[in-house]
Amino acid sequence: MTITSSGTKKGEFLAADVNTQLKNKNITTDIKMDTSSNVEVHYLHDYATVSSSIGLTVNPTINFSGVIGTNVASLGTYLSFDTKTGDFIKCNAGVSLSKVDLIASLT
């Protein structure tokens, strides 16, 4: 487990963040909190990665992205949800195939 923090002062403004990293065998989890009231979580595994962020405000935007696959084929998505309107702002997905003589992707 690793915990780091940093801060920068510009005039009257102080920008700071706190990062936590947890490692267990081949799994890594990162958690980050910054002064702009955002919390980010990253989960890394050999065949899957998930990342999410949320603002700690009255009406936050929630972001989520994930990829699952190998060096041959993978599938991924990105979603952004506005809690104020209840609408998805962004919704993207893609698939990728990679062989010795072929590289193809569809988004």
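Would you kindly calculate the translational diffusion coefficient of the chain, applying Stokes-Einstein with the Kirkwood radius from alpha carbon pairs, for 37 °C and a viscosity of 0.692 mPa s, and quote it in µm² s⁻¹ without decimals?
203
Within the chain, what is the longest stretch that has no trypsin sites (Lys or Arg not before Pro) placed in a DSSP loop and near at most 12 other beta-carbon atoms within 10 Å?
In short, 26-83.
Find the relative contact order for the chain and round it to a whole percent, using C-alpha pairs within less than 8 Å whose residues are 6+ positions apart.
RCO, the chain: 13 percent.
For the range 71-87, in order, what is each residue's ³J(HN,Hα) by Karplus, 6.51 cos²θ - 1.76 cosθ + 1.60 with θ = phi - 60°, in whole Hz (x at glycine and Pro)?
6, 9, 9, 8, 9, x, 8, 9, 10, 9, 10, 8, 6, 6, 8, x, 10
Could you give the length gained by full extension between residue 36 and residue 14, i.e. 0.36 nm per residue of separation minus their alpha carbon distance, to one decimal place?
Fully extending the segment from residue 36 to residue 14 adds 6.9 nm.
Comparing 52, 36, 65, which has the greatest mean-square fluctuation in the GNM of the chain with Cα pairs linked when under 10 Å apart?
Top of the fluctuation ranking is 36.
Which part of the range 26-70 falls in the paramagnetic zone of residue 80, meaning amide N under 18 Å from the point 7 Å along Cα-to-beta-carbon?
Answer for this model: 36-41, 51-67.
Return the subset of 32/90; 23/99; 9/84 for which the Cα-Cα distance in this structure is over 28 Å, preserving the input order.
Violating the 28 Å limit, Cα to Cα: 23/99; 9/84.
Probe 1.4 Å, all protein chains in place: accessible area of residue 54 in Å², nearest 10?
About 60 Å², ignoring ligands and nucleic acids.
The values are calculated or read from the model by the stated rules, or taken from the named source; none is laboratory data. Just so you know, these numbers come straight off a predicted model, no measurement behind them. Note that we place each Cβ from the backbone using ideal geometry, even for glycine, and neighbour counts take in every protein chain shown. Protein only, heavy atoms only, side chains kept; ligands, DNA and RNA dropped before computing areas. Shrake-Rupley method; radii C 1.70, N 1.55, O 1.52, S 1.80 Å.
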